[in-house]
Amino acid sequence: MKFFVDTADVAAIAELNELGIIDGVTTNPSLILKSGRDITEVTREICAIVDGPVSAEVVALDAPAMIEEGRKLAQIAPNITIKLPLTWEGLKACKALSSEGHMINVTLCFSANQALLAAKAGASFISPFIGRLDDINLDGMELIQDIRTIYDNYDFSTEILAASIRTVNHVTEAARIGADVMTAPPEVIHKLAQHPLTDKGLDAFMKDWEKTGQNIV
Ligand code: G3P
């Protein structure tokens, strides 16, 4: 499973990238706002840190303007993935920009039929939003499972990018189902390493080691 980090916080991205566990980055207008940075500047910095795809989202609502914005964003760096919303206009822009050879991440996906359309329109990634479905008492993981089944039935090459991941259990479940990629905030990725029995066991080892009076170096 590929790990993308869902943030425009350059320091957090650099720290995770150092560990070698990050395969890409996703941003959106809300994350750009949170960063307090200029979209072009911060996206360029992120693209220089991470080798993999970096999603940058358009904000236009009609296809011609989305295409124009997408082409502009793609000029920032070769690893830009243009992020487009799953609307009819977004699908038109997806078809046009993917035909030009750009990587496309179709975002704000909440149904299997939307995912089917995105694949047919040439999306490189489809982003089903798990947490936002769970927020309204629907089952985000059921959607990931449905898309996995449908894409496998027809050998679509569009990668399933599990997004709106809020918990470590979301990561486990998405991996179990076979999502190709997950994108999560840095805090969730850090939590993947935590376990109380690890802390407890380490504490006991440290206490016993102290009693030996030995040093390794
Ligand atoms: O990349 C967008 C997505 O991950 C948003 O997550 O938590 O705002 O629903 P969230």
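Since every read-out is calculated from the coordinates, none of them should be taken as a lab result. Note that the coordinates shown come from a computational prediction; the quantities given were computed from them, not determined experimentally. Counting neighbours? That spans all protein chains shown, and the Cβs are built from the backbone with ideal geometry, glycine included.
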Revision key, fill the gap. The residue that is surrounded by the most Cβ atoms within 10 Å (Cβ to Cβ), considering only those in the stretch 153-209 that are free of Cβ contacts under 8 Å to residues at least 40 places away in the same chain, assigned to a loop (DSSP other than H, G, I, E, B) and within 12 Å of the ligand (Cβ to nearest atom), is S164
Check your understanding: Just wondering, is there one or more residues in the stretch 40-54 that are among the hydrophobic types (A, V, I, L, M, F, W, C), surrounded by fewer than 17 Cβ atoms within 10 Å (Cβ to Cβ), part of a loop (DSSP other than H, G, I, E, B) and touching a residue at least 12 places away in the same chain (Cβ under 8 Å)?
Key -> no
Point to revise | Odd one out for E69 among (1) charged (D, E, K, R); (2) within 19 Å of T7 (Cβ to Cβ); (3) in a helix (DSSP H, G or I); (4) touching a strand residue (DSSP E or B) at 6+ places or on another chain (Cβ under 9 Å) | key: (2)
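Provide a single number: the residues in the stretch 114-144 that are away from the ligand (no atom under 16 Å from the Cβ) and either assigned to a strand (DSSP E or B) or crowded, with 18+ Cβ neighbours inside 10 Å (or both).
Initial filter on the stretch 114-144 (away from the ligand (no atom under 16 Å from the Cβ)): 116-117, 119-122, 142.
Those still in the list that are either assigned to a strand (DSSP E or B) or crowded, with 18+ Cβ neighbours inside 10 Å (or both) too: 116-117, 119, 121-122.
Within the stretch 114-144, residues that are away from the ligand (no atom under 16 Å from the Cβ) and either assigned to a strand (DSSP E or B) or crowded, with 18+ Cβ neighbours inside 10 Å (or both) number 5.
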Practice item. Quick one: in the stretch 23-38, of everything that is more than 12 Å from the ligand (Cβ to nearest atom) and touching a residue at least 24 places away in the same chain (Cβ under 8 Å), which residue is surrounded by the fewest Cβ atoms within 10 Å (Cβ to Cβ)? Key: R37
